[in-house]
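First the structure, in the form of structure tokens, and then the observations on it.
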Amino acid sequence: MIVAIDGPSGSGKSSVAREIARRCDLTYLDTGAMYRSVALTCLERGVDPDDAEAVAAVADGVRIEFLPSEGGQRVVVDGTDVTSEIRTAEVERAVSAVSANPAVRVTMVALQRRFGEEGDVVAEGRDIGTVVFPAADVKVFLSASPEARARRRAVQRQGGNLATGDEVAVDAGDEQAILADLVRRDTYDSTRETSPLRPADDAARIDSSELSFEEVVEAILALSPELAARAGRADA
Ligand code: DC
């Protein structure tokens, strides 16, 4: 079975997708981590993220693996664990250009489909329901107001997690800066020519601004009897 979860950054889709994977015994596929891995490799090799041909060559040659571990999934690129390195501000600045590159997308989408062929998957990203797995069994478009998303990110950066009720104090200036960056990335992701962020016509739309983490997970499980049954089986 394939579950597709799309949405803008900070909508909570990563935590939600991980939880659905855990409860329903599905493999979690973080497609954003793949674009981040290509961006990181470009930076390490001194490749300009705007040099379309050179970036496409990097995407073609790089080996991206997801390895299960006790602390959660590790991202391994050409044999090196880059789980933390792909989350830096530097990678974040480079990844927009990398993920807007049509040749890179062709390579990554092919890789993502191969994951899907191997078994039951919950994949999260921007184009999963529209491009990667248009025939997914369950499609969700998870959104939240920019303010709610900025707050979650700000708390995350300080080591907290609103999804688990682990609240920490955040600096108002930091939160404003995160909000501005989110709005900039939203505009970029939804207006780019290749695979812009948009809900699939048949996706269930869930706005998580006013919902708890558990409420979002329950809303998704309720979309599909098969998913609900898998969650029941895994809990039993
Ligand atoms: O979800 P994320 O923040 O890790 O994504 C990193 C970047 O990759 C972000 O700029 C959007 C882009 N992305 C994409 O274009 N398509 C996907 N399927 C996943 C991520």
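FYI, it's all coordinate maths here, none of it is from the lab. Every value quoted in this text rests on a predicted model; they were computed, and no experiment measured them. FYI the Cβ positions are ideal-geometry reconstructions off the backbone, even for glycines, and counts take in every protein chain you see.
For segment 1-72, which semi-axes, largest first and in whole Å, follow from the square roots of 5 times the eigenvalues of its Cα gyration tensor?
Values: eigenvalues 159, 38, 23 Å².
So the three semi-axes of segment 1-72 are 28, 14, 11 Å.
Taking segment 43-103 on its own, what percent of its Cα-Cα pair distances exceed 17 Å?
Values: 832 of 1830 pairs.
Of all Cα-Cα distances in segment 43-103, 45 percent exceed 17 Å.
Go from 0 up to the bin containing the longest alpha carbon distance in segment 171-236, width 10 Å each, and give me the % of pairs per bin.
The calculated distribution, bin by bin, is 16, 28, 32, 19, 4.
Give me the percent relative contact order of segment 1-86, please, defined on Cα pairs under 8 angstrom at least 6 residues apart. List each step's numbers first, then the result.
Details: 65 pairs, mean separation 15.3, N = 86.
The normalised contact order for segment 1-86 reaches 18 percent.
Among DSSP beta bridges whose residues both lie in the chain, state the antiparallel percentage, nearest 5. Write out the running numbers ahead of the final one.
Working: 7 of 24 bridges.
Once the DSSP bridges in the chain are tallied, antiparallel ones form about 30 percent.
If you average the sequence gap of Cα pairs under 8 Å that are 6 or more apart and divide by the length of segment 86-226, what percent do you get for the contact order?
Details: 115 pairs, mean separation 43.3, N = 141.
Over segment 86-226, the number comes to 31 percent.
Please go through segment 127-191 and write out the GluC sites (Glu not before Pro) that DSSP classes as loop and that have at most 15 other C-beta atoms within 10 Å. Could you put the intermediate results ahead of the total?
Working: sites: GLU147, GLU167, GLU175; in loops: GLU167.
For GluC sites (Glu not before Pro) across segment 127-191 that sit outside H, G, I, E and B with at most 15 neighbouring Cβ atoms in 10 Å, the list reads GLU167.
Go through segment 16-28 residue by residue and turn each phi into a ³J(HN,Hα) via Karplus (6.51, -1.76, 1.60, θ = phi - 60°); whole Hz please, and just put x for glycine and proline.
5, 5, 4, 5, 5, 4, 5, 6, 10, 6, 10, 8, 8
How big, in percent, is the set of alpha carbon pairs in the chain lying more than 26 Å apart?
Numbers: 10007 of 27730 pairs.
Percentage above 26 Å: 36.
Quick one: if you stick a label point 7 Å off each Cα along the C-beta vector at ARG93 and ASP166, how many nm between them?
In this crude label model, ARG93 to ASP166 measures out at 2.9 nm.
So how do 37-46, 105-114 stack up, highest first, on mean other-Cβ count within 10 Å?
On the way: 37-46: 21.0, 105-114: 16.5.
Final packing ranking: 37-46, 105-114.
For a quick size check, give me the Cα extents of segment 128-211 along its three principal axes, largest first, whole Å.
42, 28, 19
Can you tell me, using C-alpha contacts under 8 Å and at least 6 residues apart, the relative contact order of the chain as a whole percent?
On the way: 359 pairs, mean separation 75.2, N = 236.
Once normalised by length, the contact order is 32 percent.
Using a basic spin-label model with each label point 7 Å from the Cα along Cα→Cβ, how many nm lie between ALA229 and ALA54?
5.3
Give the separation of the Cα centroids, segment 169-216 to segment 73-102, in Å.
19
Give the order of SER209, SER224 when sorted by the count of other beta carbons within 10 angstrom, beginning with the fewest. The partial results should precede the final answer.
Working: SER209 14, SER224 17.
Result, fewest neighbours first: SER209, SER224.
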